[in-house]
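Working notes, structure below.
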Amino acid sequence: MNAPFNMSKIGLRDPFVAYVCDETTADAIRGVAAEMGWPPEKVNKGGLRNAVQSLSVSASPQILLVDLSESGDPLNDINALAEVCEPGTVVIAAGQVNDVRLYRDLIVSGIQDYLLKPLNPAVLREALTHAQAVFNAPKVTEDTGERPHCATAFIGARGGVGASTIATSVAWLISQRGPRNTAILDLDVHFGTGALALDLEPGRGLTDAIENPSRIDGLFIERAMVKAGENLSVLSAEAPINAPVMTDGAAFYQLQEEMRLAFECTIVDLPRGMLVQHPHLVSELQVAVIVTEMTLAAARDTIRLLSWLKSNAPMTQIVVVANKVLPAAMLEISRKDFEGSIERKIDYFVPLDQKLAAQAAKLGKTVAEAGKASKTVVPLTEIATQIMSVGDADGVVAPGGKKKPKGQSLLGKFGDLKAMMPKRALKKK
């Protein structure tokens, strides 16, 4: 059984411990660990078997690196490790098998990353830095008895960057794997694709709300929302393009308020132009996701959006996502130059996968649903996890307001949704 997760004891846990099978690997890890300020003597010999034995009688570290080289059945051995690890531990595995199927199975089991031996110091350093960031991210708390809610807006820095695609995929992930009762509010009244991406007819709910804001209440929401699944509903529109939207934005704001009462999570697909017309729409949002691309024009507009949000929504958590990312040699502007110009790091990179996008469109599914095994979905899962960690009252709550179950959580998963996903994928043999 996993030990109870006691946040008060986090400070007593070792920041890093490794169990490896050979001296060469141990030396490589000691060097990087020393650079990061961790005691080199915490690198132990014995591999995964020694890790299971040791952690069954001692506290788990914050970050654990285990060597699978001597393991005959890595998946079963990792599951054995889960039984002795405290929830919250971030696990990195290392091994000699370069097999994408093993890699995916290990990730599904809940580990943070899988590194190939011999270890490259730069790759190891990156993996440990990312693990440290994951551990320091908000942790789940005990249920307070209040249903949590998270309200998030997805804003495209430029037209066509894929903000709507990412918004619907993240909403689907939250509704399926949280699971949370989730609503998509697509505020692009004339050209919205929220319903289209889910192969649904949008209905008249959104246009009726704009025309008659006084009708908006709980019953209206129940009737106007179009069901896309057991835990996912969408409110979208395809208003005639010869009918301009005449509103002061009160209807949009009231819709958000009613959705806050009816759903556990609201995903707002917010056209950037509406920020200028209706700045009050972001006043109650916990998270704003700026979706951009690696171009000069997108960098300029990302700067402007970041500045606007800083002034108009100072309490809102900002997430920057680079979408449709090409190989470095094909980028219009490098990552270093882009991040330098916006004066902050890009939080997530979503690689371009035109084949997956086309397949999703043909199937009438979100990219996340159509490409469950694709590395393109990995950052989308990370975004969904981050959004689910945001709660109304106390900042972070468990998905669905439920207590984190014992015996299921390997290393800090949020329910069934893996909180710890890698940045790299292995190549097939």
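The values are calculated or read from the model by the stated rules, or taken from the named source; none is laboratory data. Quantities reported herein were computed from a predicted structural model and do not represent experimental measurements. Here the Cβ is made from the backbone with ideal geometry for all residues, glycine too, and neighbour counts use every protein chain on show.
Quick check on Asp337: is it closer than 18 Å to Phe154 by Cα, in the same structural domain as Ile290 (by TED's automatic domain parsing) and of a type in the set (D, E, K, R)? Talk me through it step by step, then tell me what you get.
Details: closer than 18 Å to Phe154 by Cα: no; in the same structural domain as Ile290 (by TED's automatic domain parsing): yes; of a type in the set (D, E, K, R): yes.
No, not satisfied.
Considering only the range 312-343, state which residues are surrounded by 13 or more Cβ atoms within 10 Å (Cβ to Cβ), of a type in the set (D, E, K, R) and assigned to a loop (DSSP other than H, G, I, E, B).
Glu332 - this is the single residue of the range 312-343 that is surrounded by 13 or more Cβ atoms within 10 Å (Cβ to Cβ), of a type in the set (D, E, K, R) and assigned to a loop (DSSP other than H, G, I, E, B).
What's the total number of residues in the range 29-67 that are polar (S, T, N, Q) and surrounded by 14 or more Cβ atoms within 10 Å (Cβ to Cβ)?
Final tally of qualifying residues: 5.
Considering only strands (runs of 3 or more DSSP E) fully contained in the range 11-97, which possess at least 2 residues that are more than 14 Å from Ile111 (Cβ to Cβ)?
Hits in the range 11-97: 16-20, 43-45.
In the list Phe263, Phe252, which residue meets the criterion of being buried (at least 22 other Cβ atoms within 10 Å of the Cβ), at pLDDT below 90 and within 29 Å of Arg177 (Cα to Cα)?
Answer to the selection: Phe252.
Quick check on this structure: which one of Arg204, Arg177, Arg215 is of a type in the set (Lys, Arg) and crowded, with 17+ Cβ neighbours inside 10 Å? Explain how you work it out, then say what you get.
On the way: Arg204 fails: crowded, with 17+ Cβ neighbours inside 10 Å; Arg215 fails: crowded, with 17+ Cβ neighbours inside 10 Å.
Of Arg204, Arg177, Arg215, the one residue that is of a type in the set (Lys, Arg) and crowded, with 17+ Cβ neighbours inside 10 Å is Arg177.
Among residues belonging to the range 276-286 that are part of a helix (DSSP H, G or I) and free of Cβ contacts under 8 Å to residues at least 60 places away in the same chain, point out the one that is surrounded by the fewest Cβ atoms within 10 Å (Cβ to Cβ).
Top of the filtered list is Val276.
Can you tell me which residue within the range 208-266, out of those that are β-branched (Val, Ile, Thr) and within 17 Å of Thr152 (Cβ to Cβ), is nearest to the chain's Cα centre (by Cα)?
Our first condition is that a residue be β-branched (Val, Ile, Thr); within the range 208-266, this holds for 210, 216, 221, 226, 234, 241, 245, 247, 266.
Remaining after also requiring within 17 Å of Thr152 (Cβ to Cβ): 234, 266.
Working: Val234: 20, Thr266: 15 Å.
The residue in question is Thr266.
Which one is surrounded by the fewest Cβ atoms within 10 Å (Cβ to Cβ), of the residues in the range 103-122 that are closer than 25 Å to Asp27 by Cβ and without any contact (Cβ under 8 Å) to a residue 40 or more places away in the chain?
Among those residues, the one meeting the criterion is Ala122.
Would you mind telling me which numbered condition in (1) touching a residue at least 40 places away in the same chain (Cβ under 8 Å); (2) closer than 16 Å to Thr165 by Cα; (3) outside any helix (DSSP H, G or I) Ala373 fails?
It is condition (2) that Ala373 fails.
Can you tell me which condition Gly273 does not meet? The list is (1) surrounded by fewer than 16 Cβ atoms within 10 Å (Cβ to Cβ); (2) assigned to a loop (DSSP other than H, G, I, E, B), and all the others hold.
Failed condition: (2).
Gly194 versus (1) surrounded by fewer than 22 Cβ atoms within 10 Å (Cβ to Cβ); (2) assigned to a loop (DSSP other than H, G, I, E, B): which is the lone unmet condition?
Here Gly194 meets the rest and fails (1).
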